Ligand SMILES: CC(C)(COP(=O)(O)OP(=O)(O)OC[C@H]1O[C@@H](n2cnc3c(N)ncnc32)[C@H](O)[C@@H]1OP(=O)(O)O)[C@@H](O)C(=O)NCCC(=O)NCCS
């Protein structure tokens, strides 16, 4: 059995472990664990994160929202830049993915978001290894949507490399594609869907 609760600092280390292992496709992990730690801490302090925990308290998944134009630069320091350097210096594909993602997705994101009205961004979403595929992500997502509706948002915006997840959004939420961008190592899909009143 598991339960959902608002993330607090006590969950932070486990969230970062899951992030670094299960979301390691995300280019933000190129900046290293310290960067992810600072970003997650900031979002947790702003009450933007929900975790799924086993009865023992072990964290098995998380979902984060971002409702403003958060500037990731504020989490950078020397260590994170060095981490990025180490990641890209020996890997042409990592370098290409980083450059394309930065220019095509991150710099374009504020423009996309400014054109889509009152949408809440689903920014970081993962479930721990062996717990995937058991409906925990769907529970986290339903909870995210419910809270978004209560806060007055009428759409959810997200981008993902995970095509099966994007297809899931299209199938279950009638999500619409905003963009599909090949960033070398993978394709990033930007999608949006309307929040409709439903029984969660
Ligand atoms: C995506 C993810 C958070 C969903 O959580 P989950 O508990 O596995 O989700 P559910 O069991 O409720 O299944 C919902 C959808 O998640 C996707 N999913 C399920 N298991 C998955 C796995 N092992 N790997 C990748 N995606 C998976 C599927 O699209 C599934 O829908 P479908 O079965 O109808 O195709 C989780 O699978 C995960 O952490 N994947 C790797 C990281 C990732 O892709 N994060 C999101 C992108 S930024």
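Table for the structure above
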read-out: Residue 176-residue 78 FRET efficiency (beta carbon distance; Förster radius 45 Å; 0.05 resolution); value: 0.65
read-out: Taking the chain and dividing mean pair separation by its residue count, relative contact order in percent (alpha carbons under 8 Å, at least six apart); value: 21 percent
read-out: Gained length - residue 20 relative to residue 42, 0.36 nm times residue gap less alpha-carbon distance; value: 6.2 nm
read-out: Residue among 145, 130, 45 with the largest mean-square fluctuation in a Gaussian network model of the chain, springs linking Cα atoms under 10 Å; value: 130
read-out: Projected area, mean over directions - segment 29-73, Cα convex hull, nm²; value: 3.8 nm²
read-out: P(r) of segment 151-195 over all Cα-Cα pairs, binned every 5 Å from zero, in whole percent; value: 6, 24, 31, 20, 12, 6, 2, 0
read-out: Percent of Cα-Cα distances greater than 19 Å, calculated over segment 1-80; value: 35 percent
read-out: Share antiparallel - DSSP beta bridges, the chain, percent rounded to 5; value: 90 percent
read-out: Gyration tensor (Cα) of segment 76-167, equivalent ellipsoid semi-axes in angstrom; value: 29, 20, 13
read-out: Per-residue [θ]222 nm for the chain (sum of -39500 (n - 2.57) over DSSP H runs n ≥ 4, rounded to 500); value: -12000 deg cm²/dmol
read-out: Label-point separation, residue 162 to residue 150 (7 Å along Cα→Cβ), nm; value: 2.4 nm
read-out: Extension gain, residue 196 back to residue 33 (0.36 nm per residue minus Cα-Cα distance, nm); value: 55.0 nm
read-out: Over the chain, volume per residue of the alpha carbon convex hull, in Å³; value: 119 Å³
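Every number in this text was worked out from the coordinates using simple rules, so none of it is lab data. Source: prediction; values computed, not measured. Because the Cβ atoms are built from the backbone with ideal geometry, glycine has one as well, and the counts that use them run over all protein chains shown.
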